[in-house]
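Worksheet: the structure to be examined is printed underneath.
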Amino acid sequence: MSTTSALAFSLPNAYLYPYSFLYLNRHYMGSIRAGITVGDINGIGLEVIIKTLSHPSITQLCTPVIYGSSKVVSYHKNIVNPQEFSFHSTGSADKIYHQKINVVNCWQDTANIALGKESEEAGRFAHIALDQA
């Protein structure tokens, strides 16, 4: 039984048996993967992602996997300047670190970021990240 199916199967029982929900939290919550795509690299999406994932307890609940580019994430990280935000960069979702923020590099091209501006390149990168996820 996979983690996902165990989670779906256990939730109704958590209502009937409160201790099963405590078991569920302890054994499954840290192993859930949350895949997130960067979207438009010129938009506010990465700002929201970084601010959300910078909460210290987020990696206790799940393993965040951002699909995009570590260079683009670093660029936005420097703008947002969160107190706590470090990530592991990888070329494949098979090589993620559990209970750490991960960035799967979906492209090697250099991205020209122009915040607030529409561009065909930004749309292409968003599409690539979505396909990889």
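The values are calculated or read from the model by the stated rules, or taken from the named source; none is laboratory data. Small disclaimer: the values here were computed from a predicted structure and weren't measured. Cβ sites come from the backbone with ideal geometry, for glycine too, and all protein chains shown count toward neighbours.
Does Ala6 satisfy the criteria of being farther than 20 Å from Gln83 by Cβ, over 21 Å from the mean Cα position of the chain (by Cα), among the small types (Gly, Ala, Ser) and at pLDDT below 95?
Working: farther than 20 Å from Gln83 by Cβ: yes; over 21 Å from the mean Cα position of the chain (by Cα): yes; among the small types (Gly, Ala, Ser): yes; at pLDDT below 95: yes.
Here the answer is yes, as Ala6 does meet what is asked.
Got a number for residues in the range 122-133 being surrounded by 16 or more Cβ atoms within 10 Å (Cβ to Cβ) and either without any contact (Cβ under 8 Å) to a residue 24 or more places away in the chain or β-branched (Val, Ile, Thr) (or both)?
Of the residues in the range 122-133, 1 are surrounded by 16 or more Cβ atoms within 10 Å (Cβ to Cβ) and either without any contact (Cβ under 8 Å) to a residue 24 or more places away in the chain or β-branched (Val, Ile, Thr) (or both).
Restricting the range 58-117 to residues that are touching a Lys or Arg at 6+ places or on another chain (Cβ under 7 Å) and assigned to a helix (DSSP H, G or I), which is surrounded by the most Cβ atoms within 10 Å (Cβ to Cβ)?
Thr59
Hey, does the range 30-43 have a residue that's modelled with pLDDT under 85, on the phi < 0 side of the Ramachandran plot and either in a helix (DSSP H, G or I) or within 11 Å of the chain's Cα centre (by Cα) (or both)? Step through it out loud before you land on a result.
If we filter the range 30-43 for residues that are modelled with pLDDT under 85, which is where we start, we get 30-31.
Among the residues that remain, those that are also on the phi < 0 side of the Ramachandran plot are: 30-31.
Filter again for either in a helix (DSSP H, G or I) or within 11 Å of the chain's Cα centre (by Cα) (or both), leaving 30-31.
Yes, some residue in the range 30-43 is modelled with pLDDT under 85, on the phi < 0 side of the Ramachandran plot and either in a helix (DSSP H, G or I) or within 11 Å of the chain's Cα centre (by Cα) (or both).
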